[in-house]
1. Can you name the residue in segment 407-449 that is β-branched (Val, Ile, Thr) and within 23 Å of the chain's Cα centre (by Cα) and, of all such residues, is surrounded by the fewest Cβ atoms within 10 Å (Cβ to Cβ)?
2. Can you find even one residue in segment 265-276 that is free of Cβ contacts under 8 Å to residues at least 12 places away in the same chain, surrounded by fewer than 20 Cβ atoms within 10 Å (Cβ to Cβ) and either assigned to a loop (DSSP other than H, G, I, E, B) or of a type outside the set (Lys, Arg) (or both)?
3. Which count do you get for residues in segment 303-332 that are modelled with pLDDT under 95 and not in a loop (DSSP other than H, G, I, E, B)?
4. I'd like to check something: does segment 230-237 contain any residue that is of a type in the set (A, V, I, L, M, F, W, C) and part of a helix (DSSP H, G or I)?
5. List, please: which pairs have Cβ atoms under 8 Å, are six or more places apart or on different chains, and start with a residue in segment 120-134 that is open to solvent by 40 Å² or more (accessible area, probe 1.4 Å) and end with one that is aromatic (Phe, Trp, Tyr) and in a strand (DSSP E or B)?
6. Would you be able to say whether some residue in segment 365-377 is under 23 Å from residue 500 (Cβ atoms), open to solvent by 20 Å² or more (accessible area, probe 1.4 Å) and in a helix (DSSP H, G or I)?
7. Any residue that is farther than 30 Å from residue 376 by Cβ, of a type outside the set (S, T, N, Q), without any contact (Cβ under 8 Å) to a residue 60 or more places away in the chain and touching a strand residue (DSSP E or B) at 6+ places or on another chain (Cβ under 8 Å) - is there at least one of those in segment 426-442?
8. Got at least one residue in segment 460-471 being open to solvent by 40 Å² or more (accessible area, probe 1.4 Å), farther than 28 Å from residue 427 by Cβ and not polar (S, T, N, Q)?
Amino acid sequence: MKTRSSARGEPRRLGNMALLALMLCSLVALSLIRARFSPIGSTAGAEAAIKAEDPKPVLVVSKADVATEAGDGDGADEVAAVAAEENKAEENKQAEEEVQPKPKPEHAAAVIAVDASKPVCYETSRRSDTCEAAGDVRLLGRSQTIYVDTLEQKWKARPYCRKHDKFALSHVKEWTLKPLPSGDGDGAGAAPRCTSNSSATAFVLSTGGFTGNPFHDYTDVLIPAFITAHRFGGEVQFLVSNYKSWWMSRYIQIFQQMSRHEVVDIDADDEVRCYPSVVVGPTFHRELGVDPSKTPDGVSVADFRKMLRGAFGLERATATPSGDRWDIRRRPRLLIISRRASRGRAFMNERAMADMAGSLGFDVRVGDPEMTSDTSKFARLVNSCDVMVGVHGAGLTNMVFLPAGAVVVQVVPYGRLEWLARNTFAEPSAGMEVHYLEYVVQLDETTLSEQYPSDHPVLKDPMAIHKQGWDALKTTYLDKQNVRPHLGRLKNTFLQALKMLPHGRDD
């Protein structure tokens with residue numbers, strides 16, 4: 001009996017030992033797993049957790065309106081750089097790494113992302129300086145003063161895109177950005193108390209300078225404003241310095257497309273307006289154009305033209321016939337931009353030009369943009385046309401309303417002015433997807449030949465007049481000259497324009 005009992009107990013002892021060994025192995029395995037995956041002892045993981053939970057906010061809204069936070073007041077670009085370089089060992093290399101451009105956001109940011117590597121005010125192009133700041137922004141319009149709590153020094157700027165033109169800037173008020181005073185109460189050293197609060201970005205720009213001339217309206221103000229404001233998706237408020245009520249009434253529909261907020265005559269404003277961020281001065285790219293590679297969201301002049309169609313209710317995006325091809329019901333329409341002879345650069349045979357164009361099959365219209373105060377009405381006329389012809393001048397700026405695929409014909413006055421024609425309207429036409437043709441006036445087509453003897457330098461040596469400076473050139477070749485294009489030569493240009501137009505599905 002004793003022998004049997006011992007025999008039965010032996011297997012039990014062996015089973016217990018096996019179970020104990022299994023438990024020990026499990027403990028060892030658990031320890032190894034914990035050592036491998038536990039955040040304890042992982043410095044990088046701890047630092048990442050600290051940055052993510054740091055309670056100090058940055059006044060930045062990132063893509064898709066998601067707020068970005070960073071420790072020690074870092075900007076959104078720096079946060080993105082740290083995230084992109086988190087696997088690198090040295091922190092100084094992270095700081096030096098250039099931040100790559102972000103993909104185009106589905107929703108624009110309401111507050112600017114300030115790049116800490118740039119000064120508050122910096123040169124955005126050869127024509128423009130721009131100031132950007134985020135924080136506690138308090139703006140006093142009557143004194144052209146902006147207080148920002150994140151500033152460490154004073155900055156000054158004139159918010160107009162002609163930074164080297166002293167004459168233009170003499171008509172533009174200077175704005176000052178200052179550190180926000182730290183004092184409380186109503187004393188001299190106290191911060192001004194907010195009387196108006198907004199969650200939008202404040203955008204200060206001027207309608208001084210050369211505004212009133214359509215070319216400068218678009219080149220110096222409207223297109224730069226679009227370049228600067230588009231990224232905010234409407235959450236921007238235009239604070240207009242050197243405000244002109246007649247000018248704003250002409251273009252108010254454009255500003256309403258770019259912003260959900262009222263436009264403010266800021267120089268006459270008595271409020272202390274408070275914002276989370278501010279931009280002072282629009283960004284210039286090129287004459288009547290946008291460089292998509294320089295915009296944060298990749299917009300182009302095509303986007304600007306689309307916005308104009310929405311602003312003025314323009315129906316035609318492209319110059320295509322209503323049916324398969326042009327016919328008697330919808331002939332291609334040609335617009336002659338008219339000018340008064342007293343202003344110079346007028347067509348002296350305008351009626352004959354219209355008759356000749358009509359004989360080629362064009363539905364001809366004649367319009368003087370200066371004779372109407374209704375910008376929407378003239379924009380709709382231009383948009384209804386397929387070809388627009390005019391002598392070099394501000395009236396050709398209306399090409400911004402032409403549908404894509406249309407043709408603009410610039411008549412270049414006598415006097416070796418091809419360079420001027422190229423810079424102002426020839427080069428911008430490509431970005432607008434508008435075909436460009438040029439008709440250069442010859443000596444027998446200018447009224448200057450009636451004003452000067454045949455051997456005068458004005459007729460024989462235009463470059464000698466150029467060397468006398470812009471005022472001499474402008475007075476002689478732009479202000480005193482009218483033109484009478486040779487109908488035979490002009491007919492060939494109109495026929496070329498006709499061939500450029502889309503003619504239907506069989507093209």
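1. First pass over segment 407-449, keeping only residues β-branched (Val, Ile, Thr): 407-409, 411-412, 424, 434, 440-441, 446-447.
Remaining after also requiring within 23 Å of the chain's Cα centre (by Cα): 424, 434.
Numbers: 424: 19, 434: 22.
Here the answer is 424.
2. Going residue by residue through segment 265-276, those that are free of Cβ contacts under 8 Å to residues at least 12 places away in the same chain are none.
Checked segment 265-276: no residue is free of Cβ contacts under 8 Å to residues at least 12 places away in the same chain, surrounded by fewer than 20 Cβ atoms within 10 Å (Cβ to Cβ) and either assigned to a loop (DSSP other than H, G, I, E, B) or of a type outside the set (Lys, Arg) (or both).
3. Of the residues in segment 303-332, 3 are modelled with pLDDT under 95 and not in a loop (DSSP other than H, G, I, E, B).
4. To start, the set of residues in segment 230-237 that are of a type in the set (A, V, I, L, M, F, W, C) comprises 232, 236.
Applying the additional criterion that residues be part of a helix (DSSP H, G or I) yields 232.
Yes, some residue in segment 230-237 is of a type in the set (A, V, I, L, M, F, W, C) and part of a helix (DSSP H, G or I).
5. Here the result reads 129/122, each pair linking segment 120-134 to a residue that is aromatic (Phe, Trp, Tyr) and in a strand (DSSP E or B).
6. Of the residues in segment 365-377, the ones under 23 Å from residue 500 (Cβ atoms) are 365-367.
Checking the rest, the ones that are also open to solvent by 20 Å² or more (accessible area, probe 1.4 Å) come to 365-366.
Going one step further and asking which of them are in a helix (DSSP H, G or I), we end up with none.
Within segment 365-377, not a single residue is under 23 Å from residue 500 (Cβ atoms), open to solvent by 20 Å² or more (accessible area, probe 1.4 Å) and in a helix (DSSP H, G or I).
7. Start the filter on segment 426-442 by keeping residues that are farther than 30 Å from residue 376 by Cβ, which leaves 440-442.
From what is left, the residues that are of a type outside the set (S, T, N, Q) are 440-441.
Retained after the next criterion (residues that are without any contact (Cβ under 8 Å) to a residue 60 or more places away in the chain): 440-441.
Those left that are additionally touching a strand residue (DSSP E or B) at 6+ places or on another chain (Cβ under 8 Å): 440-441.
Scanning segment 426-442, I find at least one residue that is farther than 30 Å from residue 376 by Cβ, of a type outside the set (S, T, N, Q), without any contact (Cβ under 8 Å) to a residue 60 or more places away in the chain and touching a strand residue (DSSP E or B) at 6+ places or on another chain (Cβ under 8 Å), so the answer is yes.
8. Step one: of segment 460-471, the residues open to solvent by 40 Å² or more (accessible area, probe 1.4 Å) are 460-461, 463, 467-468, 470-471.
Then keep just the ones that are farther than 28 Å from residue 427 by Cβ; that gives 460.
Narrowing further to those that are not polar (S, T, N, Q): 460.
So far as segment 460-471 goes, yes, one or more of its residues are open to solvent by 40 Å² or more (accessible area, probe 1.4 Å), farther than 28 Å from residue 427 by Cβ and not polar (S, T, N, Q).
The values are calculated or read from the model by the stated rules, or taken from the named source; none is laboratory data. Since this is a predicted model, take the numbers as computed values, not measurements. As a convention, Cβ positions derive from the backbone with ideal geometry for all residues, glycine included, and neighbour counts pool all protein chains shown. Surface areas here come from the heavy atoms of the whole protein model, side chains and all, with no ligands, DNA or RNA. Shrake-Rupley method; radii C 1.70, N 1.55, O 1.52, S 1.80 Å.
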